[in-house]
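Worksheet: one structure, shown below.
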Amino acid sequence: MLIDSHCHLNYKGLAEHQAEILARARARGVRGFLNISTRESEWAAVVATAHREPDVWASVGIHPHEADDHADLGANVLRAATDDPRVIAIGETGLDYYYDHSDRAVQQALFRVHIGVARETGLPLIIHTRDAEDDTLAILSDEMGKGAFPALIHCFTASAAFGAAVLDLGLTISLSGIVTFKSARDLADFAAHIPDDRLLVETDAPFLAPVPHRGKTCEPAYVADTLACVATLRGVTPEALAETTGANFRALFQKAAFQKAAL
């Protein structure tokens, strides 16, 4: 039941060899892939991959780096894109103050647009946050007060305090290959204590290849290495953790549960 809950199959480094990359992942036991979009111009290709591959699903959304170029994206456009049967999530969206590639006010406004569509459709929101814990938490708390919506923090690298706060809001946390890095001891400590029913694993491929693949282009097969590391941290077998995270994926991304795929 191992799922790569966040990868970019249409990014350079993966798109050129997509069939082979998916075959390698399946050979390592990966049974599902959530293919993430980051700008509107990617949506068609990302969704097309999901239509072609029965164990691949798609998201639609705008990464905070791309917010300035999508400042006028309306909720209606995003909502219409979610009608496709292979689109099971919204995002990735959120706030990134580390690079500040887009104006912070624009990032915040677009983040709220995504949240509104997630609330309306019931599709989970995939959140990117970097160096923006206070504003991310403030927006999530404010928007949850307007009505609950399903959401996860992808590629979690934030503080334990932020993690506890988003867990209190009902969010799920997804761990990437960063948790395998020797420099990520605080993250490893936090990963050991995430509630069983709030945990996912991902690659964020083609980025952040886990140990023992650091320095290589990351690919979905490597989610098995991240899973093995997290299983060790939590004192369980990789098989047991794969079942747990697979069940969590199906529970969160309920639109996928009704489709014919390898789950």
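The values are calculated or read from the model by the stated rules, or taken from the named source; none is laboratory data. Only a predicted model underlies this, so the values are computations on that prediction, with no experimental measurement involved. Because the Cβ atoms are built from the backbone with ideal geometry, glycine has one as well, and the counts that use them run over all protein chains shown.
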Fill in: Unmet requirement for H63, which otherwise passes all of (1) modelled with pLDDT under 95; (2) out of contact with any helix residue (DSSP H, G or I) (no Cβ under 6 Å at 6 or more places or on another chain)
(1)
Worksheet, complete the sentence: Looking across region 132-168 at residues that are in a loop (DSSP other than H, G, I, E, B) and either surrounded by fewer than 14 Cβ atoms within 10 Å (Cβ to Cβ) or hydroxyl-bearing (S, T, Y) (or both), the single one that is nearest to the chain's Cα centre (by Cα) is T157
Response to the item:
Scanning region 216-241 for residues that are over 16 Å from L14 (Cβ atoms) and either at pLDDT below 95 or of a type in the set (A, V, I, L, M, F, W, C) (or both) gives A224, L227, A228, C229, V230, A231, L233, V236, A240, L241
Worksheet item: Wholly within region 1-115, which helices (runs of 4 or more DSSP H) include no fewer than the required count, namely at least 3 residues that are more than 16 Å from the chain's Cα centre (by Cα) and not aliphatic (A, V, I, L, M)?
Response: 18-27, 43-52
Worksheet item: Within region 196-234, which residues are on the phi > 0 side of the Ramachandran plot and either without any contact (Cβ under 8 Å) to a residue 40 or more places away in the chain or assigned to a helix (DSSP H, G or I) (or both)?
Response: G215
Practice prompt. Please go through region 169-179 and pick out each residue that is in a helix (DSSP H, G or I) and without any contact (Cβ under 8 Å) to a residue 40 or more places away in the chain.
Written response: I178
Fill in: Conditions (1) in contact (Cβ under 8 Å) with a residue 40 or more places away in the chain; (2) closer than 30 Å to E20 by Cβ; (3) hydrophobic (A, V, I, L, M, F, W, C); number of the one not met by A184
(1)
Worksheet item: Looking at region 219-242, which of the residues that are within 15 Å of F33 (Cα to Cα) and not β-branched (V, I, T) is surrounded by the most Cβ atoms within 10 Å (Cβ to Cβ)?
Response: P220
Worksheet, complete the sentence: Of the conditions (1) out of contact with any strand residue (DSSP E or B) (no Cβ under 9 Å at 6 or more places or on another chain); (2) farther than 28 Å from G32 by Cβ; (3) among the small types (G, A, S), the single one that S102 does not satisfy is (1)
